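The values are calculated or read from the model by the stated rules, or taken from the named source; none is laboratory data. Model, not experiment: these values are computed from the prediction. Here the Cβ positions follow ideal geometry from the backbone for every residue, glycine too, while neighbour counts run over all protein chains shown.
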Amino acid sequence: MDLMIVKAGVWVTVGVTMDEALQLNQSRDERLAALAAIVGRGHVLTGALAESSLVDWRDRFSGRALAVVRPGSTEEVARVVAWCAEQGVPIVPQGGNTGLCGGATPDDSGTAIVLSLLRLNAVRSIDTDNDTMVVEAGCLLQQVQQAAHDAGRLFPLSLAAEGSCTIGGNLATNAGGTQVLRYGNTRELTLGLEVVTAQGEVWDGLRGLRKDNTGYSLRDLFIGSEGSLGIITAATLKLYPQPVAHCTALVGLNSIEDAVAVLQLARRGLASGLTGFELIAGNCLEGVVYCYPEQRIPFEGESAKLPWYALLELSDSESEAHARERFEAVLGEGLEAGLIVDAVIAESEAQSHALWHLRESIPLSERAFGKGIKHDVSIPVSRMAEFVAVTNQALQTHFPGIMHVIFGHMGDGNLHYNVATGEHWDVERLLAAQDDIYEVVHDSVHRFGGSISAEHGVGQLKRDLLPRYKDAVELDLMRRIKRALDPQGIMNPGKVI
């Protein structure tokens, strides 16, 4: 008799006989026992205990897994990977599960393990003379920031999910955030790595050197590979002096062209002190205060209804007075030139936090309104205004009435060019048009010399789009690297390439 039911504890599929089902179940139990022997029975999760790890943060991707396995050390990671390589079991590495492209979500086969790195959460060492720290992959980004702060240093990677994302996930996607303009992406903030290879070997590359010209840069290869080449278990990160003072301002603007001009003023007047320049569409702030009435746009009258805003931050090494003087000079020049309509400068740390909280609440407000179509793109700053105008028009021509939700790290050319439900559009209809919307936006990105992924990675969301936009030789080189480092194809299969 064939069985057509899948129940917890017995994995059977259509067309499987009772005897075959019992054999499959026995095999599964044996595999779970082998994994438990490595990491402990309490760290091999199945059933309801595993469910939260099988769905992505946006509820767009879900899958099944043999188990969620939670090793507690690099040695245990290596032993688990070696066992998976021997058994041919696929591995889906996962950190805080805050990704936006489905890169940490298994497929529907139920054959893979989800390898959670959350128990690898130690700050191993901090060297203030060398301005480095060694942290394990499961450390929350906020934990890393705090450890650096407690040592009198700054780790500058900062993004909205810092309270729940892990440094391993940041490394896997080469995360950017709000201070890339000054400090660079995660790759630029990393000096060394510890990696478990697809064969279960451990590469100890945790050197805290800023100069090491002894061959290929394996570090840069694993960063941004989304766990498809190996598993990052620890990293040596760069630290910086803590700024003496910060200044934060929100400015109102009439156009993106004016925002570009203000960015140039700020770069000229503040130089490397300019650590953040965020572009925000007016409807993004309106959405935040609608969803979270305790927050407010710090302008009155028409200034609270402008089409665009920019959030600027200056980090100064001298004094509060010096920072304020420099900031006011730049903003004054922008106001006098008619580029800035209105401006508010934070008068305290609390006010600065409130301004940043407005910006960081945009993704949460988007989620509260329902599922949308996200685009994480990069565009040359000089072409950003034209890109937005042309792409908005193209979308309205093909999908009249949809809503544009645009914000991002303008200082480094990274836009979160998102599309949400609007007039005559509900979530179901919007998602049905997703592929066509992606094509319009990504074709426009390509025409303007941009990239379809700036900081969120590729995952499974954009994997099949790469051949349309990447050079064929480049893709072939990527495939060769994948085959060389992961010949069995067990590392995060179905992601990136």
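Worth pointing out:
- The one condition in (1) over 27 Å from G422 (Cβ atoms); (2) assigned to a helix (DSSP H, G or I); (3) touching a strand residue (DSSP E or B) at 6+ places or on another chain (Cβ under 6 Å) that F277 fails to fulfil: (2)
- Boolean, A329 is touching a residue at least 24 places away in the same chain (Cβ under 8 Å) and over 22 Å from I406 (Cβ atoms): yes
- Candidate set: region 202-235, residues that are among the aliphatic types (A, V, I, L, M) and in a loop (DSSP other than H, G, I, E, B); chosen: the one surrounded by the most Cβ atoms within 10 Å (Cβ to Cβ): I223
- When region 440-478 is filtered for residues that are among the basic types (K, R), more than 20 Å from P93 (Cβ to Cβ) and within 23 Å of the chain's Cα centre (by Cα), the ones remaining, listed by number, are R468, K470.
- Applying the criterion of being in a loop (DSSP other than H, G, I, E, B) and closer than 19 Å to D412 by Cα to the residues of region 359-381, the residue that is modelled with the lowest pLDDT is K374.
- Residue count, region 332-358 (criterion: part of a loop (DSSP other than H, G, I, E, B) and surrounded by 15 or more Cβ atoms within 10 Å (Cβ to Cβ)): 4
- All positions within region 408-444 that are part of a loop (DSSP other than H, G, I, E, B) and surrounded by 14 or more Cβ atoms within 10 Å (Cβ to Cβ): G413, T421, G422, W425, A433
- As a summary of the residue check, Y216 satisfies the conditions (1) hydroxyl-bearing (S, T, Y); (2) farther than 25 Å from P71 by Cβ; (3) in contact with an Asp or Glu (Cβ under 6 Å, 6 or more places away or on another chain) except for the one numbered (3).
- Subset of region 96-155 that is in contact (Cβ under 8 Å) with a residue 60 or more places away in the chain and in a helix (DSSP H, G or I) - its residue that is farthest from N492 (Cα to Cα): H149
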